[in-house]
Amino acid sequence: MANIHSTAIVDPKAELAPDVEVGPYAIIGPDVKIGAGTVVQAHAHVVGHTTLGQNCQVFPFACVGMKSQDLKYQDGDVTHVEVGDNTVLREFSTVHLGTKPGEVTRVGSGCLIMAYCHIAHGCAVGNHVIMSNLAALAGEVRVADHAILGGMAGVHQFCRIGIHAMIGGYTKVRQDCPPYMITESTEEGTIVRGPNIVGLQRLGFSKEARAALKEAFRLLYRENLNRGQALERVRNEVEQTPEIQTLVAFYAESQRGVH
């Protein structure tokens, strides 16, 4: 039987694995499902049609599954939040329900969502993503696996953050941020600084892959080519490692443009 503190409010319809822990004054709603080993700490709220995976940690005052802030949301519509295994939601972080009927806000497995972060309606956050304190995603944002968002970074609706991308602190993201690259805001605006070479090296990316990404960055951002010309040269002149193929596809699929 779940270990529920006497002051917690857990709806009898909620589905909790036998070893779930619920701390003092926490609130668990009727449509919530919580996997084995997950801990919901004091004063946290997990409500709505929300599913938490196994071995998650929900810290004090985090709110998961609250009503979407999108004004198009209609009371009574069934929307969802799904959180994978081994994800940590720190103090005062918020993950909101989808807006349209059936819409799901997803957070993957192995993520660290630090204090005061916000994940809005319909977002899809991949696995092993780190969001530093006060980073915020507006609605329908897509964040790929292993991305890192610095503190106070703000991401506009419908933007995409590529795999292994790093977003600097205080960055204003209004377009897509390419995979493997560092994107940050400066006095001149938001720019792509270059490949995250140190991070990629630490993660075991090969010397060849890192060199190819550096060459692709040069063609895309340093040769005064338009995007189509640059991508054509990347396809023809840069070794087509899996990372380069992913990078080229990201640009080709962009709807909002790429920083």
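Taking the conditions exactly as written (assigned to a strand (DSSP E or B), open to solvent by less than 70 Å² (accessible area, probe 1.4 Å) and either under 20 Å from S93 (Cβ atoms) or modelled with pLDDT of 95 or more (or both)), does T50 satisfy them or not? Can you show your working first?
Values: assigned to a strand (DSSP E or B): yes; open to solvent by less than 70 Å² (accessible area, probe 1.4 Å): yes; either under 20 Å from S93 (Cβ atoms) or modelled with pLDDT of 95 or more (or both): yes.
So T50 passes the test.
For the stretch 65-86, does any single residue satisfy the condition of being over 16 Å from T50 (Cβ atoms), of a type in the set (A, V, I, L, M), part of a loop (DSSP other than H, G, I, E, B) and in contact with a His (Cβ under 6 Å, 6 or more places away or on another chain)?
The answer is no; no qualifying residue exists.
Need the failing condition index for Y73 against (1) over 19 Å from L137 (Cβ atoms); (2) surrounded by fewer than 24 Cβ atoms within 10 Å (Cβ to Cβ), just the number.
Of (1) over 19 Å from L137 (Cβ atoms); (2) surrounded by fewer than 24 Cβ atoms within 10 Å (Cβ to Cβ), only one is false for Y73: (1).
Considering only residues of the stretch 104-116 that are crowded, with 18+ Cβ neighbours inside 10 Å, of a type in the set (A, V, I, L, M) and part of a strand (DSSP E or B), which is nearest to the chain's Cα centre (by Cα)?
Once the filter is applied, the top-ranked residue is V107.
Please pick out the residue among I130, I119 that is modelled with pLDDT of 95 or more, open to solvent by 30 Å² or more (accessible area, probe 1.4 Å), farther than 27 Å from R235 by Cβ and of a type outside the set (D, E).
It is I130.
So, of the residues in the stretch 1-47 that are among the acidic types (D, E) and not in a loop (DSSP other than H, G, I, E, B), which turns out to be surrounded by the fewest Cβ atoms within 10 Å (Cβ to Cβ)?
E15
Restricting to the stretch 133-146, what's the tally of residues that are basic (K, R) and either at pLDDT below 95 or open to solvent by less than 30 Å² (accessible area, probe 1.4 Å) (or both)?
Applying the first criterion (basic (K, R)) to the stretch 133-146 yields 142.
Among the residues that remain, those that are also either at pLDDT below 95 or open to solvent by less than 30 Å² (accessible area, probe 1.4 Å) (or both) are: none.
Within the stretch 133-146, residues that are basic (K, R) and either at pLDDT below 95 or open to solvent by less than 30 Å² (accessible area, probe 1.4 Å) (or both) number 0.
Give P60, P101 a once-over and let me know the one that is within 22 Å of A42 (Cβ to Cβ) and either surrounded by fewer than 19 Cβ atoms within 10 Å (Cβ to Cβ) or over 15 Å from the mean Cα position of the chain (by Cα) (or both).
Exactly one residue qualifies, and that residue is P60.
So which residues in the stretch 204-232 are hydroxyl-bearing (S, T, Y) and loosely packed, with under 13 Cβ neighbours inside 10 Å?
The one that is hydroxyl-bearing (S, T, Y) and loosely packed, with under 13 Cβ neighbours inside 10 Å: S206.
Which one is farthest from the chain's Cα centre (by Cα) among residues in the stretch 225-256 that are basic (K, R) and closer than 19 Å to P195 by Cα?
Residues of the stretch 225-256 that are basic (K, R), as a first pass: 227, 233, 235, 256.
When the remaining residues are screened for being closer than 19 Å to P195 by Cα, the result is 227, 233, 235.
Working: R227: 27, R233: 31, R235: 29 Å.
Out of the qualifying residues, it is R233.
Does the stretch 175-203 hold any residues that are more than 17 Å from A147 (Cβ to Cβ) and either open to solvent by 40 Å² or more (accessible area, probe 1.4 Å) or in contact with a Cys (Cβ under 9 Å, 6 or more places away or on another chain) (or both), and which are they?
Answer for the stretch 175-203, where residues must be more than 17 Å from A147 (Cβ to Cβ) and either open to solvent by 40 Å² or more (accessible area, probe 1.4 Å) or in contact with a Cys (Cβ under 9 Å, 6 or more places away or on another chain) (or both): T186, E187, E188, I191, Q201.
The values are calculated or read from the model by the stated rules, or taken from the named source; none is laboratory data. Bear in mind the structure is a predicted one, so any value in this text is a computation, not a measurement. In this analysis, Cβ positions are derived from the backbone assuming ideal geometry, glycine residues included, and neighbour counts consider all displayed protein chains. Each accessible area value is taken on the protein alone, full model and side chains, heavy atoms only, with ligands, DNA and RNA left out. Shrake-Rupley method; radii C 1.70, N 1.55, O 1.52, S 1.80 Å.
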